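Presented below is the structure to which this report refers.
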Amino acid sequence: MFARVASVVALIAVLGARSLIADTPRSPRNANYTITARLDHATRTIHGDERISWRNVSAHAATSLQFHLYYNAWRDERSTWMRERALAGVKDARRRDPSDWASIVVDKVEMVPSSGGAAVDVTAQLRFIAPDDDNTDDRTVAELPLSRAVAPGDTIDLRLQWTSRVPRTFARTGAIADYYFIAQWFPKLGVLEDAGWNCHQFHSTTEFFSDFGVYDVRLTVPRNWIVGATGIEQDAADEPDGSRTHHFYQEDVHDFVWTTSPHYLERHERFEHPSLPPVDMRLLLQPEHEGQAARHFAATRAALKYYGEWYGPYPYGHITVIDPAWQSGADGMEYPTLFTAGTEWIAPRGATDPEDVTVHEAGHQFWYGIVATNEFEHAWMDEGLNTFSTARAIEAASFQNFYSQRYFGGFIPWTFMDLPLSREVNGDRMAGYRKWARQDVQATPSFRYWPGTAGAITYDKTALWLHTLERHLGWPVLQRVMSTYFQRYAFKHPTPADFFAVTNEASGQNLAWYFDQVYRGSQTFDYGVDAFRSVAERLGSNRTVVVARRYGDGIFPVTVRVTFEDGQHVEWPWDGRDRWKLFEVTRASRARTAEVDPGHVLLLDVDRTNNSASLRPQADVAARKWSLAWLVWLQDQLLTYGFFV
Amino acid sequence: MGPLSALGDGLSRAARAPAVLAGTFALTLLVAVPLSLALRGMLIAHLGPSLAADAAARSVDFDWWQEFSAQATGLGMTFVPSIIGFGAVLQNISNLADNVPLATTIAGVIAAWLVLWSFLSGGILDRFARNRATRGRGFFGASGAHFPALIRLGLISLLVYWIAFRWIHPWLFDSVFTRATRNMTVERDAFLVRLLFYSLFASILILVNVIFDYSRIRIVLEDRRSSLGALIAGARFVGRHTGGVAALYLLNTVLFLLLIAAYAIVTLAVSPAARMPWLALLAGEVYILARHYLKLTFYASETAMFQARLAHADYAAAPPVVWPESPLAESIANAPPVGPC
């Protein structure tokens, strides 16, 4: 059976590979950018010139264009991004020098007639709008009214010149010393949908959304500085002023980022797989992490392998892995064909650092890069699916994963080799979900989540409900769901409804009851054993009674199991709807344990401890063992403070 | 007497006072056990009849641990995975070095332990200075007699350490360190800077610590009543014997580092997480006992150095004068006869 499933999976992967690596455009390519940009290191400024060719792929005529100007989120403390950040309790502004702030100023906008006539300067018509919160101090979205509407299927060309002041890193973009990681750095069009422009202001807890296109970018930086960017470097040429221009090109992506520094070490390896297309891996590494190159490649390889086998192939043929500089704040972020990992100077084996972040960000090439969901509104669709997949890939790749802590200002790690972390309790991030489970309904647009707890709903909850679904449906079914979804929506912008429809279709079940709770609700799940006894009734017979209870408001079918002294057990299915249910059995053997959901299918259960009961409880033994371990800690604490006497 | 001899003498004096070692160990244990029992009660209450207890008894049930932490309050919040094995040592030293606030309950227990230790330190120093058994009456008599002065000295030291941790530490690590490393992009370099700052802060603490150590010694050995006078005298002694005092401190610190390194190695093999909780407890208690021994050695070696380097260096403490005579009086009484001038 397993072999049959595996062959089907391999066949799907191969067929998928063919469709995804075809020569024809993979995506609509309706937002194409030709950019030339020059970095002035002395003033930390970028002067840019871009030409945009945009095609209206919506069903309605466009009467305006809307642009993201992300760098203005860090123009001052009054932007929506900064206000939301303050709401979450993060006080960025207090630690900032005046030179740390950023801005992007559009110096000139010209409409370029397709007929080839003279360009028309429309700079004066550009105005800032705040579609999400009417914050008039927010300048992260600009609108350009069009004198002539762009009909569906028509194309418009325009040219923008702009100047960006590069911040000291905010939200993983910026500079520190001579290290630059430049993302969200150019005026970028929003997405025109049938309902109108989807061009949100920059919010502190959400990321990005844009259309696919072709990026042809020339970057001029100081000579001898290494450059990494989206796409492949086509050529490079020295400039008379001592700088060097690097030319990058990439088709079918929806963003473009770059990084430069004189200190990067460059390493190359190649990913090869019997049924997946090869991928050239380029690693730009910090010199102090030179010894960790192999770990970065291994983790990237694991993501390409497992995501490729499970969902579909990575189609671009190349990937750039960036190991960002310490304190650059650029670590752990995904961009098309390039991502930032993140590690420490001392990174002992045993802890998944840098493996975890590398697999996760490489995995975003699939959930974000290829299946390009709206991260402003449905962040869970990329972050949640990817957190689930990361945990699965880390487990499949057998990366050693032990509990680890860092001491002395975070510089010195210690790995607890006797405390292995499993996918269930660590990878799916139960602790974060348990704390904030009721904070928001997942269906709320992500940018409207409470800023301090958005991560728990976006990442943790989704990973847990997907993992629960995996255990409920079985991995072959969920794998079919996710690969179908991936294949169908590669290079598109699917919505939650699309995902749920594919889930129902590919699983052959209507799972609305489940999504109503985990997506459209904020219910928490908690089943437990309320009462358990097993008493001798007459000679050779014991009557066992279990009362299973639903403590939470979420409903999920569970199994109730009683195990007897003779090692045998009985199981009852329970639809989990009533608040409690009594189960009774009379057997020769006395019962030993009772469990609700013994297979731990319902990973969303916020209190697993109450799921079982034993007639020979071991709490005393466990408590003695751990309170004595704690005793040694306390004695050591006393002696440590004994320094003062 | 050189620092090495003082250390050797200290090791020997501490070793010859097993009752003091046992007593101080018992004190620490007695202070810690009630809290351990309270935690045990919390764990039992949370585990109840659950099968999670079986898993927690067998090894580490991280799932349950997270659930416990999620609902824990007060003392329970200190029950974190970092308490396992050598992690406990690292966490405690690191938290002190990084000025991490203590949980209120733990702070209260530490305060109580410090007061009790201050009480006993009079008897401990008296015992080491006389370098002979002082028996319970002598030991506790000395403890009681010197306690008022020692506690006053303790309050002065509390003020000085409070200033160090309330003002100097944040200034060094939050302000100066942050500024010094603001544009650093190499973590290793930043760590070296932090190491430098740790050394700087540690130097301040050690200077204060050593002055208060010798002040304590002067209170007990010279039967001083004035804490301020003892503090000045202690500082004067440190000032006049800086090299020796510093070297002895360093030697004691090296012994401490060797001990924690040995414990680190032992905990790799013996873990409470595995099926050997009693072995892990034994290893932990042996380590705690050894730390007590080293702390007493610290006291004893400093006492030995003080006695050896004081102007009246011949006052080597020895029987038979009995308490309540001061150790110096005893030394004088036991001094060899002085020949005709």
Peptide B:291-300 - average C-beta neighbours from other chains (10 Å radius): 2
Ascending count of other beta-carbon atoms within 10 Å, so fewest first, for A:E584, B:E67: A:E584, B:E67
Cβ-defined net charge surrounding B:R188, 11 Å radius [Lys, Arg +1; Asp, Glu -1]: -3
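The range A:207-310: which trypsin sites (Lys or Arg not before Pro) are DSSP loop and have at most 14 other beta-carbon atoms within 10 angstrom?
Here the trypsin sites (Lys or Arg not before Pro) that fit, given the DSSP loop and packing criteria, are A:R223.
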Candidates per trypsin sites (Lys or Arg not before Pro) in the range B:189-297, loop by DSSP, up to 16 other Cβ within 10 Å: B:R225, B:R275
Ranking of A:V596, A:V585, B:V266 by count of other Cβ atoms within 10 Å, fewest first: A:V585, B:V266, A:V596
Proxy reagent accessibility, fewest Cβ within 10 Å first, across B:T253, A:T640: B:T253, A:T640
In degrees, nearest ten, helix A:496-507 long axis to first principal axis of chain A (Cα): 50
Chain B: angle of helix B:135-163 to the longest principal axis, Cα-based, in degrees nearest 10: 70
Separation of the A:T123 and B:A264 label points, Cα + 7 Å toward Cβ, nm: 6.2
Assigned charges on the beta-carbon of Lys, Arg, Asp, Glu; chain A dipole about Cα centre (debye): 1700
Residue-averaged beta-carbon neighbours from other chains (10 angstrom radius) around B:28-34: 4
Theoretical FRET efficiency, 1/(1+(r/R0)^6), r = Cβ-Cβ of B:N183 and A:W580, R0 45 Å, to 0.05: 0.10
Listed residue (A:A512, A:A456, A:G312) projecting farthest to the positive dipole end of the protein assembly as shown, Cβ model: A:A456
Which of A:T155, A:W572, A:T609, positive extreme of dipole for chain A (C-beta unit charges): A:W572
Estimated Rh, the range A:527-621: Kirkwood, alpha-carbon pairs, angstrom: 13.5
Förster radius 35 Å - calculated FRET efficiency between B:R240 and B:S199 (Cβ-Cβ, nearest 0.05): 0.90
Nearest-20 debye value, the range A:440-498 charge dipole, Cβ charges on Lys, Arg, Asp, Glu: 160
Shielding of B:71-81 by partner chains, average beta-carbon count, 10 Å: 2
Relative packing of peptides A:24-34, A:415-425 - highest average C-beta neighbours within 10 Å first: A:415-425, A:24-34
The protein assembly as shown: C-alpha gyration tensor shape, a/c 1.5 cut-off, then a/b vs b/c: oblate
Cα-Cα pairs of the range A:143-247 separated by more than 17 Å (percent): 68
Total formal charge among the other residues, if their Cβ is under 14 angstrom from that of B:A32, Lys/Arg +1 and Asp/Glu -1: 0
Sorted peptide list for B:7-13, A:540-546, criterion being average Cβ within 10 angstrom, highest first: B:7-13, A:540-546
Crossing angle, helix B:277-309 versus chain B [Cα axis fit, 0-90 degrees, rounded to tens]: 20
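Which value, in debye to the nearest 20, gives the size of the charge dipole of the range A:150-219 about its Cα centre, when Lys and Arg are +1 and Asp and Glu are -1 at the Cβ? Please report the intermediate quantities before stating the final value.
Numbers: 6 positive and 8 negative charges, 101 e Å.
Here the size comes out at about 480 debye.
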Among A:F208, B:V270, B:N252 - extreme Cα towards positive end, dipole of the protein assembly as shown, charges at beta-carbon: B:N252
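Only the coordinates and a few stated rules stand behind these numbers; no lab work does. Everything numeric in this text was worked out from a predicted model, so none of it was measured. Ideal geometry is used to build each Cβ from the backbone, glycine not excepted, and the neighbour counts take in all protein chains shown.
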